[in-house]
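The values are calculated or read from the model by the stated rules, or taken from the named source; none is laboratory data. Fair warning: this is a prediction, and the values are worked out from it, not measured in the lab. Please note: Cβ atoms are built from the backbone with ideal geometry, for glycine as well, and neighbour counts cover all protein chains shown. Heads up: the accessible areas ignore ligands, DNA and RNA and are worked out on the full protein's heavy atoms, side chains in. Shrake-Rupley method; radii C 1.70, N 1.55, O 1.52, S 1.80 Å.
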Amino acid sequence: MTTPTPSVNRLRPRRSCLAVPGSNPRFLEKAQGLPADQVFLDLEDACAPLAKEGARHTIVDALNNGDWSGKTRVVRVNDWTTHWTYRDVITVVEGAGPNLDCIMLPKVQDAQQVVALDLLLTQIEKTMGFEAGRIGIEAQIENAKGLVNIDDIAAASPRLETLIFGPADFMASINMKTLVVGQQPPGYPADAYHYILMRILMAARAHDLQAIDGPFLQIRDVDAYREVAGRAAALGFDGKWVLHPGQVDAANEVFSPSQEDYDHAELILDAYDWCTSEEGGRKGSAMLGDEMIDEASRKMALVIAGKGRAAGMRRTSKFEAPEA
């Protein structure tokens with residue numbers, strides 16, 4: 001289906017994506033003061049079945065009356081194989097639509113599940129008089145079928161903003177031989193998650209979406225969290241889930257460029273702009289110190305500079321045009 005797509009920033013900062021149980025008012029209040037880029041209020045795994053209905057209303061109240069300044073506001077509903085999904089979406093969006101940025105859909109297995117959510121959101125927006133197409137969708141890939149269908153899923157809706165790896169359910173779906181989420185299974189000498197992460201990343205980038213790594217459950221082992229997050233960041237992922245306040249700073253650091261890299265990227269952009277200008281001789285390439293830069297260098301620098309700017313980093317160096 002075609003959804004009217006307003007001018008919405010679909011590439012929001014998501015270095016740290018904090019999971020908050022939707023049934024816990026104390027956690028919902030505490031989350032508002034944490035420096036996470038994104039907070040998702042959870043109606044799925046973090047809520048017991050008997051608590052889900054009440055949690056919908058607790059989340060609506062938190063979204064409408066809380067201070068979520070500077071954060072992307074997301075609600076994770078239950079997946080379409082349950083009987084809770086449609087009422088999750090209707091209650092939350094009708095009750096707090098103007099104060100909601102995205103709906104996260106777990107256990108996505110095919111494109112039609114995303115299309116169904118898109119359609120339901122559109123009907124609610126039109127009924128309530130909300131801006132059609134503003135609320136985004138995040139799709140969580142949690143089993144083999146979802147990964148096999150990921151290209152179709154990534155292209156399913158203009159609302160789609162992110163593809164998220166859900167490691168625990170995924171590991172169970174392929175019978176991976178470990179009980180520790182994110183841990184390398186014994187007996188396999190390489191990175192057992194490399195293909196999965198790269199497959200998600202390629203689908204995301206092919207459709208201008210963000211790629212987000214899932215949770216690390218050993219919440220007090222921040223060093224191990226950094227190691228696992230660093231693997232995803234090195235590939236090009238945009239962020240990772242955090243389950244504990246202690247993981248937030250680590251995620252923000254790992255998924256931001258270093259000051260040195262950020263400064264270097266900005267210098268490349270300035271130097272390329274200068275060398276291609278009339279003043280710089282309209283050249284297609286130039287030297288920045290001992291480094292030759294060209295259009296490809298500019299594209300790479302744009303990525304690093306964009307991440308640094310989104311993280312609020314400030315330059316500590318200034319470009320000076322070479323003397324003639």
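Some points to look at:
- Here the chain carries DSSP beta bridges of which approximately 10% are antiparallel, counting only pairs with both residues inside.
- Degrees separating the helix 111-128 axis from the principal Cα axis of the chain, which is the longest one: 80
- Sites Asp191 and Arg26, calculated FRET efficiency, Cβ-Cβ separation with R0 51 Å, nearest 0.05: 0.85
- Other residues with beta-carbon under 13 Å from the beta-carbon of Ala51 carry, at +1 per Lys or Arg and -1 per Asp or Glu, a net charge of -3.
- FRET efficiency for Val303 and Glu53, using Cβ-Cβ distance with R0 set to 35 Å, rounded to 0.05: 0.20
- Taking other residues whose beta carbon is less than 12 angstrom from the beta carbon of Ala204, and scoring Lys, Arg as +1 and Asp, Glu as -1, yields -2.
- Taking only the alpha carbons of the stretch 96-142, we obtain Rg and Dmax values of 11.0, 34 Å in that order.
- Whole-percent carbon and sulfur share, accessible surface of the chain, 1.4 Å: 53
- Average accessible surface for the chain: 47 Å² per residue, computed with a 1.4 Å probe over protein heavy atoms with every protein chain in place.
- Computed over the chain: relative contact order in percent, which uses C-alpha pairs under 8 Å that are six or more apart: 15
- Taking the longest Cα principal axis of the chain as reference, the axis of helix 295-310 is set at about 50 degrees.
- Whether the chain is rounded, prolate or oblate, judged on the alpha carbon gyration tensor where a/c under 1.5 counts as rounded: prolate
- Taking all C-alpha pairs of the stretch 217-295, those more than 20 Å from each other amount to 50 percent.
- Shape category assigned to the stretch 22-158 from the gyration tensor of Cα positions, a/c cut at 1.5: prolate
- Along principal axes, Cα extents of the stretch 97-189, largest first, whole Å: 56, 25, 15
- GNM flexibility winner over the chain from Phe170, Phe255, Phe237 (Cα, springs under 10 Å): Phe170
- For the stretch 192-324, the relative contact order works out to 19 percent when only alpha carbon pairs closer than 8 Å and six or more residues apart are counted.
- With 0.36 nm allotted per residue and the present C-alpha distance subtracted, the Met198-Glu227 stretch has 8.7 nm of extension available.
- Prolate/oblate/rounded label for the stretch 161-245 (Cα gyration tensor, a/c 1.5): oblate
- 3J(HN,Hα) couplings calculated from phi for the stretch 237-253 with the Karplus curve 6.51 cos²θ - 1.76 cosθ + 1.60 (θ = phi - 60°) are, in sequence order, 5, 8, x, 8, 5, 10, 10, 8, x, x, 8, 5, 4, 5, 5, 4, 6 Hz; Gly and Pro show x.
- Inter-part distance where the stretch 209-266 and the stretch 83-153 are each reduced to a Cα centre, Å: 26
- For the chain, the longest principal axis of the Cα atoms and the long axis of helix 52-65 meet at an angle of about 50 degrees.
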